[in-house]
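Student: Here it is, the structure in full.
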Amino acid sequence: MATIDIDGVRKRFGNVDVLHGVDLTIADGEFVVLVGPSGCGKSTLLRLIAGLEDISRGAIRIDGERVNDLAPRARDIAMVFQSYALYPHMSVERNMDYSLRLRKTPAERAREAVEGAAGKLGIDRLLQRKPRTLSGGQRQRVAMGRAIVRTPKAFLFDEPLSNLDARLREQMRGEIKKMHQDLGATSIYVTHDQIEAMTLADRIVAMNEGLVQQIGPPRELYEHPTNLFVAGFIGSPAMNFIDATYRREGQNAFLVVGEKRLALDERDVADGTPVTLGLRAEDIAIDADPEDPGAIEATVELVEPLGLGTIVHVQALGTHIKALSLAVVEHRVGSRIWIRPHPEKFHVFEEATGRRLERKAQFAAELPA
Amino acid sequence: MSAATLKRAGYWTMHYAIIALYVAFALFPLYWLFKVSLTPTKLLYSEGVRMWPSRTTWENYGFVLTNSDFPRFFLNSVIVSVSTAVLVTVVASGAGYALSRFRFRGKFWLVGLMLITQMFPLVMLISPIFRIFTPLGLTDSLLGLIIVYTAFNIPFATFLMQSFFDGIPKDLEEAAMIDGAHRFTAFRQIILPLTLPGIAATLGFVFTAAWSELLFALMLISKTDASTFPVGLLTFVSKFSVDFGQMTAAGVLALIPACLFFFLIQRYLVRGLTAGAVKG
Amino acid sequence: MSVQAERRPGWHGTRRRFALRMEPYFYASPALIFIVAVMLVPLAIGLSYAFRDITLLNPFSGGFVGVQHFVDLWHDSDFWQALGNTVTWTVASVSLQFFLGLVLALRLYRPFPGRGLVQALVFVPWAVPMFLSGLNFAWLFNPVIGPLPHWLYAVGILSSPENILSDPAIAIWGPIVANVWWGVPFFAITLLAALQSIPPEIYEAAEIDGAGTWRRFADITVPFLAPTIAITVLLRAVWIANAPDLIVAMTGGGPADSTQIVASYIFTQAFKGLDFGYASAVATVLLMLLLVYALIVLMIRQSLLKAS
């Protein structure tokens, strides 16, 4: 197990910059998830760590040793591919012990390692089968087994669950998490699925357009997204965004949305600044008291029962807004209701830069030293 | 019977009539070759154009196999074609792999060069190659032919192998490299075994091409004991142009290895061409 | 440990970078060496022969003669005839091969009982060595043992059952027929592969939209096949123009050079005349003509790409 240091890493393919300088330090045993839309550079970063691509600038250190110029085979890492990349002409057993045979591990020890890993993953009965005879879930397990037979310094996962159906994905997600708890191995996991990121990660690295947007524990990204991108990417249903203007009259700060005024705590920004108000669906109460000054009139457009709760799509404040209620909602489409966003849960972003505007009282305290 | 049934019956009659015509067109010349080779010499002038002679004989084959240089020609052709096929497949696997897996500065020029060699007239090279090979002792030598045929077949074989490599996911050798293999180890242990059908097809194509080559063999070989089958047959034809039975018997013999290889690779032929288009 | 020193690649790193950069050449260089040594270098040398007097049996030859060969060529009626024959040979062979190949591919496209066998059988001619298919047709055209003259006489194409290969006016059609027989499978395979690459859903959608057999052929098949057809035909034409095997095997260019195409003329000059200088001059002219042709093909390709 090892620490991984990523220091000012850039990658350019021909004339295209894919990574614009990434800094990241991963602690021993940590589970880090790189998340972002396709083309954000997360897979490229993983491939740079694996040694499958050349680093253009910067350095990657595994356990303090600079690996920029080491071939993949010399880095002692294991990787699970999206396609699983099982060797089609080899049995499951040969697939799993290939890395051990390349390292000239004694046959006896190799067999123990394979049997141990196979037992852990529940594939011990499949050892003599060829990959093409396996189901998607079984292939996935073999790919994981191939990674854990040797004890590498780190595990890399490149969207390992995206070829599975929803049910299996949920199950494997749990198993990966359990495996990490057992082995305590340093892991870097790439996904575009923010639910996987939220459930698996010790820390999430949110990336967009070759830049790290935010690094932190899942809850921090969820509750304090540093910019519009992270706010919009993390969370499902996605955060509602409403164009607004920040106003301050004496001691009172409020947002103006169309004709509506929404009171909020003061932010460190000039009076009259255009901002984006972000509201999570679960922070909007439906069936509010019409007399409440924070209540907003809305027209129901669509009702989506989830079983667990209900998503109510409404037209309000001149835009479409989604509200999540854990109760069973029986509103008809077209009916008028009152919604009330929770004022403590307002996320305010400066429209021009997309950066988060913190409450003024906390602003100084939350700045990193 | 309804009109639709009639129409369908008419369609299928047409269909099979056209198919039958094509099969006849493709096979009749070969049938005739075989027929003449079985006709006794005495009957040739009286029954030459009958669909089947009144008496058949294998004596033409007996003569060709025992009293002529054809066994020697046959052996020479096998040596040249097998060596060429193996050599080309090895070299083209490397080049096809490079084209399939790497981005490198010389790639554009390499591909361009190979495409051009497919366009220009190879007869152009007959004079210079003859003059270059003579002092090197490569004329009247099977080695000389192998070298020439190898070079000529590399471009096509490279593109063929490239298309087979393209069909194998890159992830596989990346997984192997992470598992601890050198790229070359991954190439030998993971990629090549998966390309076996492609290797077989390439071997077949190149063997057939080398087996059929005539012009360079005519130019570079003048000694009988270094002649390949095409040269031997053509010399025989121009020398004994009335021994039709023996000529056609030799022709049938020349057909055997090429057709054998063709039937072996036939299924890869259409599959290989369609593999890229129809995803399975 | 200063960041500056870290970012500069070390000696070890330089070596790995170099090795990585050289890796593709490790795989490609044997092919490259063969092509350069056996094709490119002789090509350059061959072009130089065009300006020298090189006759194999004359030990005093080898001198520089400037453009003398090209002047001779201009006045060489055999060359001009060969050039005309090349056009006839190429156009007739390609168009017949293409047309028959297309009909065959359309027949083989849809499954029917016995398709596998039929497919194997009709592709057989392609496996026959070219020189042998030439010799075989020479025998088929021979009235002593071949049925073709008698059949042609019977249907009234020939006035007497004679060998067309010995009639200078029509002899060129002998090798053309052999070429068509040999080359139909190539077009059939290529077109069949192209046909099978059209997604069947498109036909199904068109059928649901109410398109009949003919409309589906005209509105889907033809536009889909057009690029493949254009490129295949144009490239195949070069290949056929460059391949003298059938002519060398069937007629040797005779009678009286009436079946000579430029490629076989080059071979005859080198092989029989041993006049490498003149052969190379003819070859140079052929190469120039092909270059012009290639440019035209590229331009057509560009406009096709633009159109689609």
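Since every read-out is calculated from the coordinates, none of them should be taken as a lab result. Note that the structure is a prediction, hence the values are computed from the model and not measured. Neighbour counts are summed over all protein chains in view; Cβ atoms, including those assigned to glycine, are modelled from backbone coordinates with ideal geometry.
Student: Give the long-range amide H neighbours of A:M90: residues separated by 5 or more places, or on another chain, with amide H under 5 Å away, using H modelled in the peptide plane at 1.01 Å from N.
Tutor: Here nothing satisfies the definition.
Student: Ignoring everything except DSSP H segments at least 4 long, calculate the 222 nm mean residue ellipticity for the protein assembly as shown; use -39,500 (n - 2.57) per segment, divide by total residues, nearest 500.
Tutor: -17500 deg cm²/dmol
Student: Mind jotting down the distance between the C-alpha centroids of the stretch A:116-163 and the stretch A:182-240, whole Å?
Tutor: Measuring centre to centre over Cα atoms gives 26 Å.
Student: Quick check: the angle from helix B:244-275's long axis to the longest principal axis of chain B, C-alpha only, nearest 10 degrees?
Tutor: Approximately 30 degrees, to the nearest ten.
Student: Mean Kyte-Doolittle hydropathy of -1.0 or higher plus an axial Cα length of 15 Å or more: which whole DSSP H helices in chain A meet both?
Tutor: Result, helices passing both filters: A:92-102, A:107-121, A:136-148.
Student: Within the stretch A:62-120, report the GluC sites (Glu not before Pro) that DSSP leaves as loop and that have at most 10 other Cβ atoms within 10 Å.
Tutor: Of the GluC sites (Glu not before Pro), not one in the loops of the stretch A:62-120 has a Cβ with at most 10 other Cβ atoms within 10 Å.
Student: Mind checking the dipole of the protein assembly as shown: about its Cα centre, +1 per Lys or Arg Cβ, -1 per Asp or Glu Cβ, Debye to the nearest 20?
Tutor: The dipole of the protein assembly as shown has a size of about 2120 debye.
Student: For the stretch C:154-170, take each phi angle, set θ = phi - 60°, evaluate the Karplus expression 6.51 cos²θ - 1.76 cosθ + 1.60, and give the result in whole Hz per residue in order, putting x for glycine and proline.
Tutor: Once rounded to whole Hz, the list reads 4, 8, x, 6, 9, 7, 8, x, 10, 6, 5, 5, 9, 9, x, 6, 10.
Student: In the stretch A:4-232, what % of DSSP beta bridges are antiparallel (nearest 5)?
Tutor: Antiparallel bridges: around 55 percent, rounded to the nearest 5.
Student: Distance from the Cα centre of the stretch B:169-184 to that of the stretch C:233-308, in angstrom?
Tutor: Cα centroid of the stretch B:169-184 versus Cα centroid of the stretch C:233-308: 46 Å apart.
Student: Among A:M198, C:H150, A:L161, whose Cα sits farthest toward the positive end of the charge dipole of the protein assembly as shown (+1 at Cβ of Lys/Arg, -1 at Cβ of Asp/Glu, about the Cα centre)?
Tutor: C:H150
Student: Could you put A:F346, B:F70, C:F60 in order, starting from the residue whose Cβ has the fewest other Cβ atoms within 10 Å?
Tutor: Result, fewest neighbours first: C:F60, A:F346, B:F70.
Student: Can you sort A:H313, A:H89 so the residue with the fewest Cβ neighbours within 10 Å comes first?
Tutor: A:H89, A:H313
Student: Cut-off 10 angstrom, C-alpha nodes, Gaussian network model of chain B. Which of B:L44, B:L113, B:L142 fluctuates the most?
Tutor: B:L113
Student: Taking the dipole about the Cα centre of chain C, with the C-beta of Lys and Arg at +1 and of Asp and Glu at -1, give me whichever of C:H75, C:L121, C:Y278 is farthest to the positive side.
Tutor: Farthest along the dipole direction, towards plus: C:L121.
Student: Let me ask something additional. Taking chain C as a Gaussian network, where each spring joins two C-alpha atoms under 10 Å apart, which residue of C:I208, C:I198, C:I164 fluctuates the most?
Tutor: Sorting by GNM fluctuation, first place goes to C:I208.
Student: Further question on the same structure: Where is the GNM fluctuation largest for chain C (alpha-carbon springs, 10 angstrom cutoff): C:I296, C:I247, C:I202?
Tutor: The residue with the greatest mean-square fluctuation here is C:I202.
Student: Okay, next question. Positive end of the dipole of chain A, charges at C-beta (+1 Lys, Arg; -1 Asp, Glu), about the Cα centre: which of A:L264, A:F81, A:L308 has its Cα farthest in that direction?
Tutor: So the residue furthest toward the plus end is A:F81.
Student: Return A:C40, B:C259 ranked ascending by Cβ neighbour count within 10 Å, so the fewest neighbours appear first.
Tutor: Starting with the residue having the fewest Cβ neighbours, the order is B:C259, A:C40.
Student: Name the long-range amide H neighbours of A:V80: under 5 Å, sequence gap of 5 or more, or other chain; modelled H, no Pro or chain starts.
Tutor: For A:V80, the qualifying residues are A:L156, A:F157, A:D158.
Student: Once each part is reduced to its C-alpha centroid, what is the distance from the stretch C:21-81 to the stretch B:46-116 in angstrom?
Tutor: 26
Student: Search the structure for amide H atoms under 5 Å from the amide H of C:F112, placed 1.01 Å from N in the peptide plane, and list their residues when 5 or more places away or on another chain.
Tutor: Long-range HN contacts for C:F112: none found.
Student: Kindly express, to the nearest 10 degrees and within the range 0 to 90, the angle between helix B:3-38's C-alpha long axis and the longest C-alpha principal axis of chain B.
Tutor: For B:3-38 against chain B, the angle is about 70 degrees.
Student: Students often get this wrong, so check it: of B:K107/C:K306; A:K11/A:K42; A:K130/B:K170; A:K130/A:K178; B:K107/B:K170, which have C-alpha atoms separated by over 21 Å?
Tutor: B:K107/C:K306; A:K130/A:K178
Student: Each residue of the stretch A:202-219 in turn: what ³J(HN,Hα) in whole Hz from Karplus with 6.51, -1.76, 1.60 and θ = phi - 60°, glycine and Pro shown as x?
Tutor: Listing the rounded values in order: 6, 9, 9, 10, 8, 10, 8, 6, x, 10, 6, 8, 7, 10, x, x, x, 5 Hz.
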